[in-house]
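Reading through the structure tokens given below for one structure.
Quick note: the coordinates plus some simple rules give every number you see, no bench work behind them. It should be emphasised that the depicted structure is a prediction, and the values quoted were computed from it without experimental measurement. All Cβ positions, even for glycine, are placed from backbone atoms using ideal geometry, and neighbour counts span all protein chains on display.
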Ligand SMILES: [Zn+2]
Ligand SMILES: [Zn+2]
């Protein structure tokens, strides 16, 4: 394949043409498990950050957690009593599992831990704190003063009708605590009068007790935080969508240039559709970083251009991505470079082999190394470190995401329940007699065909006999490597016993 310029480098070049120093914004609402689809935003930002820095520029990522967003509805994973919290800010709602101080913290904290594991450095800003401590106040005043102008932009750009009593600001109702049910009835410079359609309450709030509507909040934070670059999902990028209105509001109301946009596509969970925490179709990031090495999690996303849709399959599909990574690793591939975390080394033991060897060895580190040595690997300190690290992930992946047909257990002779026909027994005996101690995996594999022919049995039945004799099933890992990993002595003895 030609060495074409990586998407992150192409974007970094464009950004550096304008400015040497950039603040990249990301924003995710912690309304449910933060998933791989959301992580695409962070990893897109981080790949660009790394590329900018490698080219001599400065870049930092600001992560604005939308903790002040209202709970839109009672999601399927929430108990019934959460009906009463719909419309309240996520930061004001109790943790559904009771382990954190709020709903938003419950989903935010594991995600922040994951960012650390994935080495994505962010400056964290929580929207509820930003509003309540007055960081937004100047923007709120400016928005309320420019209410008519913003309403006109919204109408012109989005084509939506804007109601006469529409306001860019949503005060939080002092009575029912909802943030999405108030209508502003007056504004005197620092107090906002409102009426709540949910509980009928009428009252007055300071400009720090409420939030801007999303379409105004977004450009306001560009100004407030000095944002130059922002990756966002394709929903915001639609014609007349929030980026279109945001651009115009940024220029005409806040007098700034909108950030350089990086639009990314959704990640679908194979066979389930787009990942959405509201529908429970998710692979939580916190879970992924326990099951997979961080460089693989990063590579899963960084290998594809942002505008390319990703069909994610945590089972076999992921194993193919790992094969690709291992292959690319040896070729100093740019996606691999942008995915590496810390000082790690890779030995020549494929993840696929670790799955087989680990199961044979019962995941005992020393036994795994013994088998690898028998397979012809030189056991260096580097290999030992690498294998110990990745074997832990191989075990976790196998338990959590692997299809059943990759799992096996080497049985004792007494546990074998399978029936063997005379020609199967003859094949196993002849195979055992043909074994030599130093046979390679390829040689062992080919020997199955040779002996099957001599024994007058079809190769497919010969393989079945092998798996039945060891695993008590009709299928198993690729035979040559499997038999070699088990050890010639073991195989010879077992086949003679059958
Ligand atoms: Zn919790
Ligand atoms: Zn109310």
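What to note about this one:
- In this label model, residue 124 and residue 460 are separated by 5.6 nm, measuring between points 7 Å along each Cα→Cβ vector.
- Virtual paramagnetic centre 7 Å along Cα→Cβ of residue 77, amide N under 12 Å, in the range 223-263: none
- Potential lengthening of the chain between residue 343 and residue 365 amounts to 5.8 nm, from the contour at 0.36 nm per residue minus the alpha-carbon distance.
- For the range 431-498, the square roots a ≥ b ≥ c of the C-alpha gyration tensor eigenvalues yield an a/c under 1.5, which makes the shape rounded.
- Within the chain, helix-based [θ] at 222 nm, where runs of 4 or more DSSP H residues each add -39,500 (n - 2.57), nearest 500: -14000 deg cm²/dmol
- Angstrom value of the Kirkwood radius, inverse mean 1/r, which spans all Cα pairs in the range 368-498: 15.8 Å
- For the range 410-450, the residues whose amide N sits under 17 Å from a probe point set 7 Å from the Cα of residue 373 along the beta carbon direction are 438.
- At full extension, residue 473 and residue 493 could sit 5.3 nm farther apart than now, given 0.36 nm per residue minus the alpha carbon distance.
- D (Stokes-Einstein, µm²/s), Kirkwood Cα radius, the range 67-135, 0.692 mPa s at 37 °C: 250 µm²/s
- Residue 21 versus residue 382: modelled label distance in nm, points set 7 Å from Cα along the beta carbon direction: 4.0 nm
- With the simple spin-label model, which puts each label point 7 Å out from Cα in the Cβ direction, the residue 10 to residue 145 separation comes to 4.3 nm.
- Euclidean distance of C-alpha centroids, the range 294-315 and the range 61-116, integer Å: 26 Å
- In the range 1-156, the ratio of gyration radius to Kirkwood radius, Rg to Rh, stands at 1.05 when only Cα atoms are counted.
- Quarter the surface of the alpha carbon convex hull of the range 351-406 and you get the mean projected area, 3.5 square nanometres.
- Note on the chain: antiparallel DSSP beta bridges, both residues inside, total approximately 45 percent of the bridges counted.
- Average Cα contact separation per residue, the range 413-497, under 8 Å, 6 or more apart, as relative contact order %: 42 percent
- Taking every alpha-carbon pair under 8 Å whose residues sit at least 6 apart, the range 238-334 reaches a relative contact order of 25 percent.
- As computed over the range 83-241, the Cα convex hull volume per residue (Å³): 144 Å³
- Relative contact order, percent, the chain [alpha-carbon distance under 8 Å, six or more residues apart]: 12 percent
- The range 303-349 shape via C-alpha gyration tensor axes, a/c threshold 1.5: oblate
- Taking 1.002 mPa s as the viscosity and 20 °C as the temperature, the Stokes-Einstein diffusion coefficient of the range 124-217 based on its alpha-carbon Kirkwood radius rounds to 159 µm²/s.
- A Förster radius of 22 Å combined with the Cβ-Cβ distance from residue 331 to residue 266 puts the calculated FRET efficiency at roughly 0.15.
- Stretch gain in nm, segment residue 316-residue 201, where the contour uses 0.36 nm per residue and the Cα spacing is subtracted: 35.8 nm
- Taking the square roots of five times each eigenvalue of the Cα gyration tensor of the range 294-430, the equivalent ellipsoid has semi-axes of 33, 20, 13 Å, listed largest first.
- Inverting the pair-averaged 1/r between distinct Cα atoms of the chain gives 26.3 Å as its Kirkwood hydrodynamic radius.
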